[in-house]
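A.B. asks: One structure coming up, written as structure tokens, with questions to follow.
The values are calculated or read from the model by the stated rules, or taken from the named source; none is laboratory data. Keep in mind that this is a model prediction, so the values were computed, not measured. Positions of Cβ are backbone-derived with ideal geometry, glycine not excepted, and every protein chain shown enters the neighbour counts. These area figures cover heavy atoms from the full protein model, side chains too; ligands, DNA and RNA do not enter into them. Shrake-Rupley method; radii C 1.70, N 1.55, O 1.52, S 1.80 Å.
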Amino acid sequence: MVMYVITHKHFNYQNLPNGYVPLLVGANKNANPDHFLQDNKGDNISDKNGSYCELTGLYWMWKHGENTNIGLSHYRRYFADYSSRNQMYLKYLFSGNITPISVTKLDQDLKVGYDWIVTEPDYGGEGTLWDQYNTNHHIKD
């Protein structure tokens, strides 16, 4: 399994576990000083990154991924195995980092009958999805 870590800028990738590979999206317009994989190689939609965001990376993964199982870590966010969100926050507060779940563990979960692994739902607040977006984002977007 390969877990692609979507990014559009430099980040400290040296601490990533084995199997986590940075993928620069919008590579036609973003600098690549770290020599990450780029979403503008081969069959790609990199030029559409301004409208499609991480989906340009997902398209590249679909067209070029060679592994049976692939994963996407959305803009440097990772699957982590903590019993609660509070436990995860405390770990980050005291150590400054969160340990991503290993690709070996993700592969094992897929072998025992799961087709997909997704995050737990997050409570976005009161009201409709539109109301929640309006509260937390720039509504013109």
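A.B. asks: Over the chain, what relative contact order in percent results from Cα pairs under 8 Å that are six or more residues apart? Don't skip to the answer; put the middle values down first.
C.D. replies: Values: 176 pairs, mean separation 31.9, N = 141.
RCO, the chain: 23 percent.
A.B. asks: Rolling a 1.4 Å sphere over the protein heavy atoms, what is the accessible area per residue of the range 1-42, to the nearest Å²? Write out the running numbers ahead of the final one.
C.D. replies: Working: 2140 Å² over 42 residues.
Here the per-residue accessible area is 51 Å².
A.B. asks: What is the set of long-range amide H partners of Asn69 at a cut-off below 5 Å, with H atoms built 1.01 Å from backbone N?
C.D. replies: Answer set, sorted by chain and number: Val2.
A.B. asks: Using the Kirkwood radius over C-alpha pairs as Rh, can you work out the diffusion coefficient of the range 37-97 via Stokes-Einstein at 20 °C, viscosity 1.002 mPa s, in µm² per second? Walk me through the numbers before you get to the answer.
C.D. replies: Working: Rh = 13.8 Å.
It comes out at roughly 155 µm²/s.
A.B. asks: Count neighbours as other Cβ atoms within 10 Å of each site's Cβ, and list the chymotrypsin sites (Phe, Trp or Tyr not before Pro) in the range 77-119 that are DSSP loop with at most 12 such neighbours. Each step should come with its number before you reach the end.
C.D. replies: Working: sites: Tyr78, Phe79, Tyr82, Tyr89, Tyr92, Phe94, Tyr114, Trp116; in loops: Tyr78, Phe79, Tyr82, Tyr114, Trp116.
Loop-located and lightly packed - Tyr114, Trp116.
A.B. asks: Next question, about the same structure. Would you mind checking the range 60-84 for residues with the amide N under 20 Å from a putative spin-label position 7 Å along Cα→C-beta of Ile117?
C.D. replies: Answer for the range 60-84: 61-62, 65-84.
A.B. asks: Then there is this: I'd like the distance separating the alpha-carbon centroids of the range 7-41 and the range 59-108, in whole Å.
C.D. replies: A separation of 16 Å, based on Cα centres.
A.B. asks: Hey, got a sec? Which trypsin sites (Lys or Arg not before Pro) in the range 26-84 land in a DSSP loop and have at most 14 other Cβ atoms within 10 Å? Mind dumping the intermediate values first?
C.D. replies: Numbers: sites: Lys29, Lys41, Lys48, Lys63, Arg76, Arg77; in loops: Lys29, Lys41, Arg77.
Answer in residue order: Lys29, Lys41, Arg77.
A.B. asks: What residue among Gln87, Gln108, Gln14 has the largest mean-square fluctuation in a Gaussian network model of the chain, using Cα springs under 10 Å?
C.D. replies: In the Gaussian network model the winner is Gln14.
A.B. asks: Going through the cross-link list Lys29/Lys63; Lys29/Lys140; Lys9/Lys63; Lys105/Lys140; Lys9/Lys111, which pairs have a Cα-Cα distance over 30 Å in this structure? Working shown, then result.
C.D. replies: Values: Lys29/Lys63 21 Å; Lys29/Lys140 23 Å; Lys9/Lys63 22 Å; Lys105/Lys140 40 Å; Lys9/Lys111 33 Å.
Pairs exceeding the cut-off: Lys105/Lys140; Lys9/Lys111.
A.B. asks: Under a Cβ-Cβ cut-off of 14 Å, what is the net charge of the residues other than Cys53 that fall near it, where Lys and Arg count +1 and Asp and Glu count -1? Intermediate results must be reported in sequence, preceding the final value.
C.D. replies: Details: positive: Lys9, Lys29, Lys48, Arg76, Arg77; negative: Asp39, Asp47, Glu54, Asp141.
Net charge in that neighbourhood comes out at +1.
A.B. asks: Compute the Rg/Rh shape ratio of the chain: radius of gyration over Kirkwood radius, all on alpha-carbon atoms. Write down the numbers at each step before the final one.
C.D. replies: Working: Rg = 16.6 Å, Rh = 16.9 Å.
Here the Rg-to-Rh quotient is 0.98.
A.B. asks: Right, here's the next one. Just to make sure I understand: if all protein chains stay in place, what is the order of Leu24, Leu58 by accessible area at 1.4 Å, largest first?
C.D. replies: Numbers: Leu24 0, Leu58 75 Å².
Descending accessible area places them as Leu58, Leu24.
A.B. asks: Expressed as a whole percent, how much of the Cα-Cα distance distribution for the range 82-141 exceeds 18 Å? It would help to have the intermediate numbers written out before the result.
C.D. replies: On the way: 1087 of 1770 pairs.
It works out to 61 percent of all Cα pairs.
A.B. asks: Moving on. Take the solvent-accessible surface of the protein heavy atoms, probe 1.4 Å, and return the percent of it on the chain that carbon and sulfur atoms account for.
C.D. replies: Details: 5190 of 10050 Å².
The computed percentage sits at 52.
A.B. asks: Under a point spin-label approximation (7 Å from Cα along Cα-to-Cβ), what is the His74-Leu110 distance to one decimal in nm?
C.D. replies: So the label points at His74 and Leu110 sit 1.9 nm apart.
A.B. asks: Multiply the residue gap between Lys41 and His137 by 0.36 nm, knock off their C-alpha separation, and tell me the result in nm, one decimal place. Before the final figure, lay out each step's value.
C.D. replies: Working: separation 96, 0.36 × 96 = 34.56 nm, distance 3.21 nm.
Extra length from Lys41 to His137 when fully extended: 31.3 nm.
A.B. asks: Taking only protein heavy atoms and a 1.4 Å probe, what accessible area per residue, in Å², does the range 76-141 have with all protein chains in place? Please list the in-between numbers first.
C.D. replies: Values: 5880 Å² over 66 residues.
Value returned for the range 76-141: 89 Å² of accessible area per residue.
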